[in-house]
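Working notes, structure below.
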Amino acid sequence: AQKVTQAQTEISVVEKEDVTLDCVYETRDTTYYLFWYKQPPSGELVFLIRRNSFDEQNEISGRYSWNFQKSTSSFNFTITASQVVDSAVYFCALSEPGLLNQAGTALIFGKGTTLSVSS
Amino acid sequence: DSGVTQTPKHLITATGQRVTLRCSPRSGDLSVYWYQQSLDQGLQFLIQYYNGEERAKGNILERFSAQQFPDLHSELNLSSLELGDSALYFCASSPQGANEQYFGPGTRLTVT
């Protein structure tokens, strides 16, 4: 069965600190997708990144970076120089591949990590 | 703005009642997913439709049903409501051939 574990329930940092959110996943599939979503206090879920299981390259987008390690089944998310606006709940998710050129598949979410950034 | 719309934003109703939540996917997206977010269960997948047909079912109660119409909008029907059904209900859509999902703003359901 597929499972996503975000062991950190809450993290508090001060502005400009770097913070890493951990995500460990379990799946029997050899091909799968990993995601990070952000849920700010306003409540919407914002898509941040998708990573394919066969692409282990790390990715950087501005202050955000993601470290995917298949050997440890982890997909960690680092925010550099955190800001108050980064305060949100962050969810890691996993899905099987969908049918080619057709429908995707359901996301399996972790419980989320609440990040609080104070000024 | 993800491009996915959901109505209503808030819904307050009594136990035993029936409600309908509506979702319009992003333009061109054929897949629609429904999720429930509650404090104790977290974010859980309920059901998926693809181009009008049911594609997958998750932890959806028998009291709940959904459909996707020819114009691709979807409705989630919740009946015989219980206090435990109070939650945030999200709709999401995904582009054809892609796996990332774009979520609507959600409908917050409160059952009293």
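Looking at the range A:23-36 only, could you name the residues that are crowded, with 17+ Cβ neighbours inside 10 Å, in contact (Cβ under 8 Å) with a residue 60 or more places away in the chain and not aliphatic (A, V, I, L, M)? Listed by number, the residues that qualify are A:Cys23, A:Tyr25, A:Thr27, A:Tyr32, A:Tyr33, A:Phe35.
Whenever a residue of the range A:76-93 is more than 17 Å from A:Cys23 (Cα to Cα), its partners that are among the polar types (S, T, N, Q), lying with C-beta atoms within less than 6 angstrom and at least six residues away or across chains, give the pairs A:Val84/A:Ser119; A:Ser87/A:Ser116. Kindly indicate whether B:Leu76 is more than 11 Å from every other protein chain (Cβ to nearest Cβ), closer than 22 Å to A:Ser95 by Cβ and either in a loop (DSSP other than H, G, I, E, B) or of a type outside the set (Gly, Ala, Ser) (or both). Here the answer is yes, as B:Leu76 does meet what is asked.
Checking each residue in the range B:79-104 for being within 14 Å of chain A (Cβ to nearest Cβ) and either within 23 Å of B:Gln17 (Cβ to Cβ) or acidic (Asp, Glu) (or both) picks out B:Ala87, B:Leu88, B:Tyr89, B:Phe90, B:Cys91, B:Glu100, B:Gly104.
Any residue at all in the range B:14-21 that is farther than 28 Å from A:Pro97 by Cβ and crowded, with 17+ Cβ neighbours inside 10 Å?
Here is the first cut: in the range B:14-21, the residues farther than 28 Å from A:Pro97 by Cβ are B:14-21.
Cutting the leftovers down to crowded, with 17+ Cβ neighbours inside 10 Å gives us B:19, B:21.
Within the range B:14-21, one or more residues are farther than 28 Å from A:Pro97 by Cβ and crowded, with 17+ Cβ neighbours inside 10 Å.
For the range B:1-32, a tally of residues being hydroxyl-bearing (Ser, Thr, Tyr) and either part of a loop (DSSP other than H, G, I, E, B) or under 12 Å from B:Gly106 (Cα atoms) (or both) returns 6. Return yes when B:Glu100 is touching a strand residue (DSSP E or B) at 6+ places or on another chain (Cβ under 8 Å), closer than 24 Å to A:Ala1 by Cα and either assigned to a strand (DSSP E or B) or not basic (Lys, Arg) (or both) and no when it is not. Here the answer is yes, as B:Glu100 does meet what is asked. B:Tyr49 falls short on exactly one of the conditions (1) buried (at least 21 other Cβ atoms within 10 Å of the Cβ); (2) under 23 Å from B:His10 (Cα atoms); (3) facing chain A (nearest Cβ under 10 Å), and that condition is (2).
Screening the range A:8-115 for strands (runs of 3 or more DSSP E) wholly inside it with 1 or more residues that are of a type in the set (Gly, Ala, Ser) and under 26 Å from B:Lys57 (Cα atoms) returns the ranges A:88-95. Of the residues making up the range B:72-104, those that are modelled with pLDDT under 95 and surrounded by fewer than 21 Cβ atoms within 10 Å (Cβ to Cβ) are B:Pro95, B:Gln96, B:Gly97, B:Ala98, B:Glu100.
The values are calculated or read from the model by the stated rules, or taken from the named source; none is laboratory data. Predicted, not measured: the structure shown is a model, and the values here were computed from it. Backbone-built Cβ (ideal geometry, glycine too); neighbour counts: all protein chains shown.
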